[in-house]
Amino acid sequence: MSVAEALGQVPVTRLIHFAPATNVSGIFTDNAIRTSQDLVENAPQQFSPTDELRLDARNNHVCCSFEYPNAYYQAIARDKSAFRNCPDWVAFILDLDLVLRPGTLFSPCNAAKGSGAFLKEGGAGLLACWSDPSYPGQFSRSQSHRSSVPTDLQSEVLIPGLVPLSAVSAIVTATPEKARELFVVLHDFGLTPGRMEWRYAPLFFDKWRLANALQTGGEIPETQWTPSLEDLE
């Protein structure tokens, strides 16, 4: 089964990539979300990985999750010594078509588990993320589990190569104040942040509340943020 055929069987609509807010200016300057391998080899001064160990052994892929952030790993990453002075994070909402790239890998659990042993290509790999129960975690889906979300909330998809900013449909922050702060900085540097939508969604950055909402079908509000004329001066 192809990935395109598998997509027709699950109601997923988007991918998510999360990063510390301190990385956003570099991403806009590069006009892309670059892989760890690319940054190490070509721009080591910008290399600030959320997962320096990369136990999935796929340094030339960009880690993403389906539909919502992997809040469990995000909480771990935020507590790492390198990011303790970086309390603010963002989520990039990416085009789902990225999964159609040859070499895309799907994991029904955290991709680092077993040093990447559960990563698979193809439609079967994608559908394994929705298996009930999940494997290897043996998590089950309740009737209220959000249908667009994998069974194991740490399921991941690894996109080979860089992700251009043209594939980013929105940037999500925790608060409207943080959206404005980031937008104004990018605007002042001439990096045209208005090319995509901006939103704020506090639950994206709250591990337990997000997990509960995903598993019980609860609301996860996303509110559009729009810059004022003053912000654009």
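Numerical summary
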item: First in segment 97-108 and closer than 15 Å to Ala124 by Cβ, second anywhere and open to solvent by less than 30 Å² (accessible area, probe 1.4 Å) and of a type in the set (Asp, Glu), Cβ under 6 Å, 6 or more apart; result: Ser107/Glu156; Pro108/Asp152
item: Test: residue in segment 197-211 that is surrounded by fewer than 16 Cβ atoms within 10 Å (Cβ to Cβ), farther than 23 Å from Ser147 by Cα and under 17 Å from the mean Cα position of the chain (by Cα); result: yes
item: Any hit, segment 156-167, residues being more than 24 Å from Asn59 (Cα to Cα) and either modelled with pLDDT of 95 or more or open to solvent by 60 Å² or more (accessible area, probe 1.4 Å) (or both); result: no
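Let's see how each residue does on (1) within 22 Å of Val10 (Cβ to Cβ); (2) in a helix (DSSP H, G or I):
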| residue | (1), (2) |
| --- | --- |
| Tyr73 | yes, yes |
| Ile76 | no, yes |
| Val99 | yes, yes |
| Leu126 | yes, yes |
| Ser134 | yes, no |
| Gln138 | yes, no |
| His145 | yes, no |
| Val149 | yes, no |
| Gln154 | yes, no |
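The values are calculated or read from the model by the stated rules, or taken from the named source; none is laboratory data. All values reported here derive from a predicted model rather than from experimental measurement. So basically every Cβ, Gly included, is an ideal-geometry build from the backbone, and we count neighbours across all protein chains shown. Side chains included, ligands, DNA and RNA excluded: accessible areas come from the protein's heavy atoms. Shrake-Rupley method; radii C 1.70, N 1.55, O 1.52, S 1.80 Å.
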